[in-house]
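**Q** Let me begin by handing over the structure; questions about it come next.
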Amino acid sequence: MLNNLHRTIYEKGEVIFQEGDAGDCAYLIEEGVVEISVTVNGLEHTVNQIGKKELFGEVALIDHMPRTATARAQVKVVLIIIQRNMVNELLEKTDPIVRHLLLVILERYRDRSGTAQALSASQLIDQADIATKRNSIRGEAAQKLTMSSDIGYALLEGEFEMYYQPICELSSGQVAGYEALIRWHHPRLGLVSPLDFLWLAEKTGQIREIGFWTLERACRDWPTLCKSTNFAAPFVSVNMSPSQLTGDSFVEDVKSIITRYQMPPAELKLELTETVIINNSELALHLLNLLTDLGISLAIDDFGTGHSTLDTLNRYPIETIKVDISFISTMLTSVRSGEIVNSSISLAHSLGMDVVAEGIETEEVRNKLIELGCNFGQGWLFGKPSELNNISGK
Ligand code: C2E
Ligand code: CA
Ligand code: CA
């Protein structure tokens, strides 16, 4: 990125750019003072004098319109040039809502400064190109804003529902517990998959509220759900998103939910991904220890897709690892997947952890997993996620 930054020097009185010039960079003043002026009714007026560490010409970083002011060195100045292409790259990676807001603010600014200019043919083509891009950004932003407002309603209007998928002991096929999986009955879109809205809720912060809702619902449903299994140590497993694990109040809130619903902590398992550990290891370790002190157990979800090692995991109070579906579904056809499954199972067992294989769809896969010593499995072979009524009515 620093390759895009270089210095330039202007002597006293020299024009850096003037009104109408094409702009494709901004400047940071390293030394000296710059005078900014605009022309009104043919007369030039100084509107600002800016000095060290200040930025000017920055609007050109976002759009391709001509300069709306003149910048002149008042004394000898040293400037660092920031090219648009550097910012463009960052802007492309930015959230569409932020991008859209920047463009709207910029349009308003342009409207106010009222610099209608005759544009050349190539500028017109550029403008058309920008307009097309802007429409697509606007569309993306509008879609996200609508979806996020819909999520807010969904929480208020009770449009979410918990489905439960059995997790079985592989050898006997007996149901040992259930994983709680959220579903959204959207009034216009129908049944929406969690993969289509949780990522957004994660960005907007709504995931915290959704997280507590799922935990409450699972605890509330557990007395009914657990009647459908005779397993000696039954459990319900609830997914947790990384951003839930951010402060002590999380542990207090979990405590108050399990107390309110008289949920036996030993029957509650929280599933988290390796991201939680990788992103915030010390805080995560502290909070996870507080949770296990309450008697709750922890599982690492999607194991093998993150970058943690079992050695790292061993520092955490993890009871169960869930080997990711991507390895299970290919373990009979890919030598590499087979090896990953095999070594995950033996390493987990050597650390005293249980293993759940995710996404078992066939008897062949189940049998191979039994052969490898895997204890538990989850997948369509045993049952798809379904509503509480369907399970308790069985
Ligand atoms: P996950 O935690 O890995 O959940 C397992 C996913 O695999 C579920 O998808 C489940 O329906 C699917 N699955 C289970 N067995 C099979 C199988 O045999 N074959 C195939 N092809 N798929 C199988 P689902 O319910 O769509 O959930 C997707 C993801 O959304 C979950 O992945 C989890 O990361 C997230 N999620 C779901 N519910 C919640 C929730 O309440 N809170 C949070 N934070 N995340 C959730
Ligand atoms: Ca899970
Ligand atoms: Ca998983």
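The values are calculated or read from the model by the stated rules, or taken from the named source; none is laboratory data. On a predicted model such as this, the values are computed, not experimentally measured, just so you know. Note: ideal-geometry Cβ built from the backbone for every residue, glycine included; neighbour counts use all protein chains shown. The accessibility values were calculated without ligands, DNA or RNA, using every heavy atom of the protein model including side chains. Shrake-Rupley method; radii C 1.70, N 1.55, O 1.52, S 1.80 Å.
**Q** Could you tell me how many of the residues in segment 314-352 are open to solvent by 70 Å² or more (accessible area, probe 1.4 Å) and in a loop (DSSP other than H, G, I, E, B)?
**A** 6
**Q** What number goes with the only condition from (1) loosely packed, with under 12 Cβ neighbours inside 10 Å; (2) under 22 Å from the mean Cα position of the chain (by Cα) that G152 does not pass?
**A** Condition (1) is where G152 drops out.
**Q** If you go through segment 353-366, how many residues are open to solvent by 10 Å² or more (accessible area, probe 1.4 Å) and not in a loop (DSSP other than H, G, I, E, B)?
**A** The qualifying residues number 5.
**Q** Scan segment 314-343 residue by residue and report those that are within 16 Å of ligand 2 (Cβ to nearest atom) and not β-branched (V, I, T). Spell out the reasoning first.
**A** Step one: filter segment 314-343 for residues within 16 Å of ligand 2 (Cβ to nearest atom), giving 318-329.
Within segment 314-343, E319, K322, D324, S326, F327, S329 meet the criteria.
**Q** Within the bounds of segment 218-231, is there any residue that is assigned to a strand (DSSP E or B), touching a strand residue (DSSP E or B) at 6+ places or on another chain (Cβ under 8 Å), open to solvent by less than 50 Å² (accessible area, probe 1.4 Å) and under 14 Å from Y178 (Cβ atoms)? Quick ask: steps written out before the conclusion?
**A** Going through segment 218-231, the residues assigned to a strand (DSSP E or B) turn out to be none.
Scanning segment 218-231, I find no residue that is assigned to a strand (DSSP E or B), touching a strand residue (DSSP E or B) at 6+ places or on another chain (Cβ under 8 Å), open to solvent by less than 50 Å² (accessible area, probe 1.4 Å) and under 14 Å from Y178 (Cβ atoms), so the answer is no.
**Q** Another question about this same structure. Please work out which one of (1) more than 10 Å from ligand 1 (Cβ to nearest atom); (2) open to solvent by 60 Å² or more (accessible area, probe 1.4 Å) is the condition D196 fails and give its number.
**A** (1)
**Q** Continuing with this model, one more query. Quick one: how many residues across segment 165-202 are in contact with a helix residue (DSSP H, G or I) (Cβ under 9 Å, 6 or more places away or on another chain), among the small types (G, A, S) and part of a strand (DSSP E or B)?
**A** Count: 2.
**Q** Quick check on my filter: what residues within segment 227-253 are within 16 Å of ligand 1 (Cβ to nearest atom) and more than 19 Å from I321 (Cβ to Cβ)? Steps first, answer last, please.
**A** First pass over segment 227-253, keeping only residues within 16 Å of ligand 1 (Cβ to nearest atom): 235-246, 250, 253.
Answer for segment 227-253, where residues must be within 16 Å of ligand 1 (Cβ to nearest atom) and more than 19 Å from I321 (Cβ to Cβ): S243, Q244, T246, F250, D253.
Matching residues to (1) away from ligand 1 (no atom under 16 Å from the Cβ); (2) within 22 Å of F212 (Cβ to Cβ); (3) acidic (D, E); (4) within 21 Å of the chain's Cα centre (by Cα):
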| residue | (1), (2), (3), (4) |
| --- | --- |
| Q262 | yes, yes, no, no |
| P265 | yes, yes, no, no |
| E271 | no, yes, yes, yes |
| L283 | yes, yes, no, yes |
| T292 | yes, yes, no, no |
| Y316 | yes, no, no, no |
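**Q** Kindly indicate whether V78 is surrounded by fewer than 18 Cβ atoms within 10 Å (Cβ to Cβ) and either touching a residue at least 60 places away in the same chain (Cβ under 8 Å) or not assigned by TED's automatic domain parsing to the domain that holds L103 (or both).
**A** In short, yes.
**Q** Restricted to segment 159-175, and to residues that are among the aliphatic types (A, V, I, L, M) and within 15 Å of ligand 2 (Cβ to nearest atom), which residue is surrounded by the most Cβ atoms within 10 Å (Cβ to Cβ)?
**A** Keep residues of segment 159-175 that are among the aliphatic types (A, V, I, L, M), which gives 162, 167, 170, 175.
Checking which are within 15 Å of ligand 2 (Cβ to nearest atom) leaves us with 162, 167.
Working: M162: 22, I167: 29.
Looking at the filtered set, the residue picked out is I167.
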